[in-house]
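The values are calculated or read from the model by the stated rules, or taken from the named source; none is laboratory data. Since the structure is predicted, the reported quantities are computational estimates derived from the model, not experimental observations. All Cβ positions, even for glycine, are placed from backbone atoms using ideal geometry, and neighbour counts span all protein chains on display. Just so you know, the surface numbers come from the protein's heavy atoms only, side chains and all, with ligands and any DNA or RNA stripped out. Shrake-Rupley method; radii C 1.70, N 1.55, O 1.52, S 1.80 Å.
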Amino acid sequence: MTSGKHLKARIRTRMARTGERYSTARRHVVGAAEPAPSDHGWALRGGTHPDSANIANVLAHAGVSNLSEAMVLGIGGGLGAGYILWEFKQHRYTNLTLGYRYRWNYIDWTARTLDRLGATAHVHATSGAKGAAGELTARLEAGQPAIVWPDRQLIGYWHLPPHLDGFGGHPVVVYAATGDAMRVDDRNLAPLTVERSTLDRARGGSPRTRTIWWRSRR
C-alpha cells in the first residue's frame with residue numbers, strides 16, 4: 001500500500017511539472033516495466049501536445065529513441081507567444097486564440113521541425129478531399145504512417161457542438177486502415193478508430209487536406 005502511494009505521488013509530481021495526463025506520466029515514471037501498448041505495429045505512447053507528440057512518436061516508430069517532446073519543441077524553435085481575435089458579427093460571439101510556440105499560427109511547423117531533426121518531410125497539399133484521401137491511402141499501403149489535420153468537431157470523438165464546425169483542429173497521426181475505418185493516434189493509449197468517411201469529411205477544405213510523411217536522411 002505504501003509503495004502504491006509513493007508511486008502515485010511521483011506520478012502526480014510529474015503531472016504537475018509536465019502537464020501530462022496521468023496515464024502518460026505513469027508510463028514515464030514506471031519506465032520500461034510497462035511498454036507502450038501496440039496496435040498494427042504502432043506503439044501508442046500518448047503525449048502532451050499534439051504537434052510535439054506527433055513528431056516524437058513518429059520518429060520513435062522509425063527507431064529514434066529518447067526524443068522527448070521538450071526536445072522536439074526546442075529543436076522546432078522553442079517557445080513563442082501570440083494571439084488572434086476572431087469577431088464574426090453574424091455569429092454574435094468573439095473567439096480568442098492563444099499560442100505559445102514558435103510559429104504557432106503557421107501550419108508548416110511540423111514539416112520544418114522534421115527537417116531540422118534529419119527526417120525529410122514530404123508535404124502533399126491539395127484543394128480537394130478526394131486527392132487528400134487518395135494520398136493517405138497510398139501512404140498507408142506503403143506502410144508509412146501520415147500526419148493529417150482533421151477538423152476537431154467533424155472528427156467526432158471530441159464530441160464538440162455543431163457550431164464549432166470549421167474552427168480547425170490539430171494534427172494527428174493515421175497509422176493503419178482497417179476495412180472502412182482508420183486507426184488514429186491523437187495521444188490516446190488505446191486504439192482509436194474513426195470511420196474513413198468521417199475522416200475524409202473532417203479533412204475536407206484547405207489547409208486540412210495536407211498530408212505529411214517523412215523519410216530518414218541517409
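Listed values, structure above:
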| read-out | value |
| --- | --- |
| Test for Tyr175: is it touching an Asp or Glu at 6+ places or on another chain (Cβ under 7 Å) and of a type outside the set (S, T, N, Q) | yes |
| Flag if Ala25 is of a type in the set (A, V, I, L, M), buried (at least 16 other Cβ atoms within 10 Å of the Cβ) and farther than 23 Å from Leu117 by Cα | yes |
| Hey, Asn54 polar (S, T, N, Q) and open to solvent by less than 40 Å² (accessible area, probe 1.4 Å) or not | yes |
| Answer residue from segment 62-78, given it is open to solvent by 80 Å² or more (accessible area, probe 1.4 Å) and more than 12 Å from Ser52 (Cβ to Cβ) and is modelled with the lowest pLDDT among those | Ser65 |
